[in-house]
């Protein structure tokens, strides 16, 4: 639920910024179609992007733990020999 609220906020902010940048004063409403579409896409896609970033971080940490455990076991085996 919270990610949808944050997504809507980010989408609204992106839309607002694009309207400020590309929207001329007194422009026709059709000028705002593209910024609104981009804002909607940002609102829809940001959870997936954040999810991919977090998944990569989790995988990297898991790989580090596995490597550390393998190194520890190899060190124990070489000590015992």
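No value in this document is a laboratory result; all are computed from the given coordinates. Note that the structure is predicted; figures quoted are calculated from it, not measured. Cβ placement follows ideal geometry from the backbone for every residue including glycine, while neighbour counts extend to all protein chains displayed.
List of remarks:
- Longest to shortest principal axis, alpha-carbon extents of the chain, angstrom: 82, 25, 13
- Residue exposure sequence - 59, 79 - by fewest surrounding Cβ within 10 Å: 79, 59
- A simple spin-label model places the labels of residue 59 and residue 12 3.5 nm from each other, with each point 7 Å out along Cα-to-Cβ.
- Per-residue [θ]222 nm for the chain (sum of -39500 (n - 2.57) over DSSP H runs n ≥ 4, rounded to 500): -31000 deg cm²/dmol
- Degrees between helix 33-80 axis and first principal axis of the chain (Cα, 0 to 90, nearest 10): 10
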